[in-house]
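Structure, as structure tokens:
Just so you know, all these numbers are worked out from the coordinates, no wet-lab data involved. Because the structure is predicted, anything quoted here is derived from the model rather than measured. All Cβ positions, even for glycine, are placed from backbone atoms using ideal geometry, and neighbour counts span all protein chains on display.
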């Protein structure tokens, strides 16, 4: 792939891509970041991972689904620039069709198989784990900081799953012990199509918080480095739940409308 250093504009979000997102609950937007931007954000993610040591999501030290650093944008200036990137945020806002705020960002790493055996990321949607109410437009930007072909553990999505009835969603949980397999909640899940979306470095895949998705293991020797940014509805409120340590001082029903959750 040729190096691309020219600034990108929000025009990369075509009407067709916007329609695709509304119907399917996800969309890949190619080359949102320039080569130099991608390199800067990848270096910052590697630095942060080395400084803080990763948290582990998975079976244990030897078999993990993903290593991550939570709230990365509050821990590194370059990653704050990524969370507030003018093109990423404009695309997110246009896809949502409503004002948004930054909720959280995570560095997401699947080590290469020469270092560690990685597992598939479990089937889930983001709504279940968000300690928030009022998130009808909330979405995630998944930023590829390296090439992510199928063999390196790219994401797959269930098209249209963001439109399923509430009866077929686990809309909230207060601990991971409450997590229910998707097959128990949505009996038709096993018959739904999946679309796998490989990404080039600098591509961004956006998905709705109710879109069911998963990722494969990293079967290559090179690490899969990405960045997940959750942009929430501007009027979202706190609902005690999982991974809410950074907002647990708030009262249920409080709006997340302070400087730690800036409008985009």
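Summary table
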item: Percent of beta bridges antiparallel (DSSP, segment 50-197, rounded to nearest 5); result: 85 percent
item: Normalised contact order of segment 88-196, rounded percent, pairs of Cα under 8 Å and 6 or more residues apart; result: 29 percent
item: Rounded if a/c under 1.5, otherwise prolate or oblate - segment 215-264, Cα gyration tensor axes; result: prolate
item: Alpha carbon centroid spacing (whole Å) that separates segment 183-256 from segment 81-154; result: 6 Å
item: Residues 156, 222, 36, 45, sorted so that the one with the fewest Cβ neighbours within 10 Å comes first; result: 36, 222, 156, 45
item: Relative exposure of 68, 41, 26, judged by other C-beta atoms within 10 Å (fewest first); result: 68, 41, 26
item: Directionally averaged projected area (convex hull, Cα atoms, segment 70-155), nm²; result: 7.1 nm²
item: Anisotropy class of segment 169-223 from Cα gyration tensor, a/c 1.5 cut; result: prolate
item: Inverse mean reciprocal Cα-Cα distance (Kirkwood Rh) of segment 111-241, Å; result: 15.6 Å
item: Within the chain, percent of DSSP bridges classed antiparallel, to nearest 5; result: 95 percent
item: Burial ranking of peptide ranges 137-147, 76-86 (average Cβ count within 10 Å, highest at the top); result: 137-147, 76-86
item: Global form of the chain, assessed from the alpha-carbon gyration tensor, a/c cut-off 1.5; result: rounded
item: For segment 177-264, convex hull of alpha carbons as volume per residue, Å³; result: 185 Å³
item: Relative contact order computed over the chain (Cα-Cα under 8 Å; 6+ residues apart), in percent; result: 29 percent
item: Where the Cα pairs of segment 110-150 fall when distances are cut into 5 Å bins, in %; result: 5, 13, 19, 21, 16, 13, 9, 3, 0
item: Relative contact order of segment 142-264, defined on C-alpha pairs under 8 angstrom at six or more residues apart (%); result: 39 percent
item: Rg over Rh [alpha-carbon atoms, Kirkwood Rh] for segment 110-185; result: 1.00
